[in-house]
1. In the chain, what trypsin sites (Lys or Arg not before Pro) fall in a loop by DSSP, with at most 10 other Cβ atoms inside 10 Å?
2. In the chain, what percent of the accessible surface is made up of carbon and sulfur (1.4 Å probe, ligands and nucleic acids excluded)?
3. Roughly what would the spin-label model give for Arg55 and Asp14, points 7 Å off Cα along C-beta, in nm?
4. Give the range of the longest stretch in the chain that excludes all chymotrypsin sites (Phe, Trp or Tyr not before Pro) found in loop regions by DSSP and having at most 15 other beta-carbon atoms within 10 Å.
5. Report the extension gain between Cys7 and Glu40 in nm, rounded to one decimal, defined as 0.36 nm multiplied by the number of residues separating them, less their alpha carbon distance.
6. Over its Cα atoms, what ratio of radius of gyration to 2.2 N^0.38 Å does the chain give?
Amino acid sequence: MPACPYCGTAGGVDVVVAGTGTVYSWVGVKRAMTPAFAGEVPYSVATVDLDGGGRVFARVTPSGDVAIGITVLPEFVDHDSWTELRFRIA
């Protein structure tokens with residue numbers, strides 16, 4: 001991020017982390033918000049506390065097995081013009 005999301009201070013330090021973490025919270029999506037996502041449901045989005053520090057939001061697979069406190073591993077999904085971070089259950 002170009003600045004702190006809390007205080008707005010510019011700059012920062014990049015920190016490399018393993019990407020493993022623990023599910024802090026999650027929500028299951030069972031209805032598509034738009035027709036473009038109809039083929040994606042159902043899926044789960046979780047808040048993941050990274051082992052190296054920090055917290056991120058991402059999809060978790062398999063979606064039916066998500067629970068608070070489980071360990072997850074990073075997984076990168078390539079799309080046409082971008083790469084998505086997802087997690088899979090360890």
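1. In loop regions of the chain (DSSP not H, G, I, E or B), the sparsely surrounded trypsin sites (Lys or Arg not before Pro) are Lys30, Arg31.
2. About 58 percent, which is the carbon plus sulfur part of the accessible surface.
3. So the two model labels end up 2.5 nm from each other.
4. After excluding every exposed loop site, the longest remaining stretch is 7-81.
5. Values: separation 33, 0.36 × 33 = 11.88 nm, distance 3.60 nm.
Length difference between fully extended and current span is 8.3 nm.
6. Working it through for the chain, the quotient is 1.21.
The values are calculated or read from the model by the stated rules, or taken from the named source; none is laboratory data. The model shown is predicted, which means the values in this text are computed figures rather than measured ones. Neighbour counts run over all protein chains shown; Cβ positions are idealised from the backbone, glycine included. We work out accessible area using only protein heavy atoms, side chains counted, and drop any ligands, DNA or RNA first. Shrake-Rupley method; radii C 1.70, N 1.55, O 1.52, S 1.80 Å.
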